[in-house]
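Student: Quick one: the structure is below, questions incoming.
What follows is calculated from the coordinates using simple rules that are stated; it is not laboratory data. Just so we're clear, the structure is a prediction, and the values are computed from it rather than from any experiment. Cβ: placed from backbone, ideal geometry, glycine included. Neighbour counts: every protein chain shown.
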Number of protein chains: 2
Amino acid sequence: MNNDELEVLVQFVKHQKRVSAGADINRAAESPKYSTLVLEGIACSYKRLAGGGRQIYSFHYPGDFCDLYRYVLPERDKTIAVQALSDCSVATVDYSDIEQLLAGRPKLAQALWRASVMEASILRQRLSNARRGSALQRVADLLCEQLARHEAIGVCSRHVPLSQVDIADAAGLSIVHVNRTIQTLRNLNVLGKTRQAIEVIDRKELGRIAQFNGRYLNMPQLVSNWTVHMEEAEK
Amino acid sequence: MNNDELEVLVQFVKHQKRVSAGADINRAAESPKYSTLVLEGIACSYKRLAGGGRQIYSFHYPGDFCDLYRYVLPERDKTIAVQALSDCSVATVDYSDIEQLLAGRPKLAQALWRASVMEASILRQRLSNARRGSALQRVADLLCEQLARHEAIGVCSRHVPLSQVDIADAAGLSIVHVNRTIQTLRNLNVLGKTRQAIEVIDRKELGRIAQFNGRYLNMPQLVSNWTVHMEEAEK
DNA sequence: CGTGCTGTTGAGGACGATCAATGACGGTGG
DNA sequence: CCACCGTCATTGATCGTCCTCAACAGCACG
């Protein structure tokens with residue numbers, strides 16, 4: 001996707017708004033006529049489970065559409081909602097505008113398609129871990145993914161701004177066990193020892209533990225990267 | 001996707017061939033210049049694990065492209081391969097042809113996009129089951145998915161033509177435990193007692209056990225259904 | 001100063017992995 | 001036709017990982 005395509009998209013962004021951490025960006029039952037784009041912060045797609053638990057499916061970073069599947073699938077899965085994990089700033093694009101845009105721009109259409117395929121890639125990876133991997137691997141992999149996606153949008157922080165609860169809900173582990181796993185990682189000098197917030201110290205080792213192969217994530221060129229353009233356009 | 005779009009696609013199908021059960025349709029390292037379409041039989045996307053194990057990600061039924069992600073992603077994940085689970089008949093479509101086709105046909109492009117989103121949907125569902133949920137739920141859900149997909153292509157058999165090994169590799173369970181789980185299902189009179197092959201007797205109960213909500217699978221109108229047209233076109 | 005959320009720690013128990021061995025079946029070659 | 005082999009299905013026993021319940025500490029919030 002080149003900048004020309006981008007600029008076009010930017011013109012159709014509407015209704016920018018802020019959402020504070022923990023609040024829902026999309027409720028499960030809603031069927032809005034627009035898609036939502038994350039501009040700032042981190043959001044997640046999740047589903048409420050029978051017991052009240054939360055299953056996190058995917059994370060949405062700045063530059064990601066977080067509910068494009070609703071646009072594509074005629075009968076949406078109405079049980080999936082989107083929640084802000086940190087304070088977020090989001091914008092919306094009307095379906096009708098998307099439709100018009102895609103009509104004459106095969107490259108833009110393919111870019112969005114690609115984003116969906118990437119999401120599937122990440123899901124495959126997570127599924128792979130859900131199975132064979134130990135809790136250590138799963139948590140490590142999750143952290144690697146977060147770092148990779150941070151870098152993809154130009155932020156090279158060693159901080160992972162997720163709570164242990166978030167990690168547990170995404171990895172499919174109990175909070176207690178996530179906590180113990182993180183302590184193990186701390187004892188291995190892979191994570192920092194600060195209680196609040198997770199800080200990655202030895203990233204190489206983290207990748208080794210996770211058997212993380214970032215190749216399935218080749219996002220820098222793909223999904224994100226237009227955030228900057230977005231932000232500029234709004235000023 | 002309407003029939004007009006279909007007919008166009010059919011014209012570009014090349015190199016039909018047969019693959020016998022257990023053989024690879026795509027090897028992991030290959031980077032072919034075409035995409036493969038399943039015409040008959042059941043295939044799966046899988047990855048070889050360190051210990052020699054096999055992790056099955058998704059199943060491909062007649063009418064599915066099984067490696068379209070290779071076309072969309074510039075840097076493919078070269079560790080995923082496709083294998084025939086039963087005797088299959090497959091055809092290929094060259095990338096160059098796909099490109100030409102999509103250029104002027106936004107609806108066709110969207111149909112393929114939709115297929116990717118659906119695959120992500122299925123992966124989400126499987127992920128959901130991966131760690132939450134007992135082995136009983138996981139196996140039951142897997143069987144429900146197979147039945148649903150069979151129906152999606154017009155086959156209403158109560159037969160699931162997968163071996164227990166296949167189920168184990170897809171559900172992320174050991175073969176031994178899958179076997180015991182299936183026996184439990186048999187004792188609940190949900191599955192037939194024949195040793196060879198799996199026969200679903202009480203489908204309602206199976207769905208209840210799996211807490212299966214087929215709504216995430218709305219494929220009848222989407223992915224498949226063009227198989228019949230394909231077959232006719234080849235004669 | 002309570003209330004709530006996140007993080008931490010302990011103990012017990014269940015589920016499923018692993019190892020090992022056997023039976024049933026189909027195919028292949030002698 | 002039968003012996004041999006490989007794959008799939010089955011069963012038993014042991015063991016480890018991770019869940020559950022329960023309680024408490026730190027911190028931010030009103």
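Student: Taking chain B as a Gaussian network, where each spring joins two C-alpha atoms under 10 Å apart, which residue of B:180, B:149, B:195 fluctuates the most?
Tutor: B:195
Student: Taking the Cα centre of the protein assembly as shown as the origin, how large is its charge dipole in debye, to the nearest 20, when only Lys and Arg (+1) and Asp and Glu (-1) carry charge on their Cβ atoms? Could you put the intermediate results ahead of the total?
Tutor: Values: 60 positive and 52 negative charges, 406 e Å.
Around 1940 debye, computed over the protein assembly as shown.
Student: Could you work out how far helix A:106-131 tilts from the main Cα principal axis of chain A, as a 0 to 90 degree angle to the nearest 10?
Tutor: The answer is roughly 20 degrees.
Student: Additional query: Among B:49, A:101, what is the fewest-to-most ranking by other Cβ atoms within 10 Å?
Tutor: B:49, A:101
Student: Along the charge dipole of chain A, which of A:121, A:175, A:95 sits closest to the positive end, that is, farthest toward it, with unit charges on the beta carbon of Lys, Arg, Asp and Glu (+1, +1, -1, -1)?
Tutor: So the residue we want is A:175.
Student: Stokes-Einstein D for the protein assembly as shown at 37 °C, 0.692 mPa s, Kirkwood Rh over Cα pairs, in µm²/s? Mind dumping the intermediate values first?
Tutor: Values: Rh = 23.1 Å.
D = 142 µm²/s.
Student: Moving on to the next point. Return the single residue from B:188, B:136, B:173 with maximal mean-square fluctuation; model: Gaussian network over chain B, springs between Cα atoms under 10 Å.
Tutor: Comparing B:188, B:136, B:173 in a Gaussian network model of chain B, the most mobile one is B:188.
Student: Taking a label point 7 Å out from Cα toward Cβ, give me the nm distances from residue A:164 to the same spot in the other copies, shortest first, one decimal.
Tutor: 4.0
Student: Among the lysines, which have Cα under 20 Å from the Cα of residue A:193 when same-chain residues fewer than 8 positions away are ignored?
Tutor: A:204
Student: Read phi for every residue in segment A:61-73 and hand back ³J(HN,Hα) as whole Hz from Karplus 6.51 cos²θ - 1.76 cosθ + 1.60, θ = phi - 60°, with x for Gly and Pro.
Tutor: Per residue, the Karplus-derived 3J(HN,Hα) values read 9, x, x, 8, 6, 9, 9, 6, 4, 5, 6, 7, 8 Hz.
Student: Counting only pairs 8 or more places apart or on different chains, how many lysine pairs in segment B:3-118 have C-alpha atoms closer than 24 Å?
Tutor: Going through segment B:3-118 pair by pair, I get 10.
Student: With springs only between Cα atoms under 10 Å, which of B:129, B:187, B:179 fluctuates most in a Gaussian network model of chain B?
Tutor: Fluctuation is largest for B:187.
Student: Shifting gears a bit: Could you compute the longest span of chain A free of GluC sites (Glu not before Pro) located in DSSP loops and having at most 15 other Cβ atoms within 10 Å, not counting the site residues?
Tutor: Answer from the scan: A:76-235.
Student: How far apart are the residue B:49 label points across copies, placing each 7 Å from Cα toward Cβ, in nm, shortest first?
Tutor: Ordered by increasing distance: 2.0 nm.
Student: Place the label 7 angstrom along Cα→C-beta at residue A:189 and in each other copy, then list the distances from the first to the rest in nm, shortest first.
Tutor: Label-point separations across copies, in nm and ascending: 6.4.
Student: What does the helix-only formula give at 222 nm for the protein assembly as shown: each DSSP H stretch with n ≥ 4 adding -39500 (n - 2.57), the total divided by the residues, and the result rounded to the nearest 500 deg cm²/dmol?
Tutor: -13500 deg cm²/dmol
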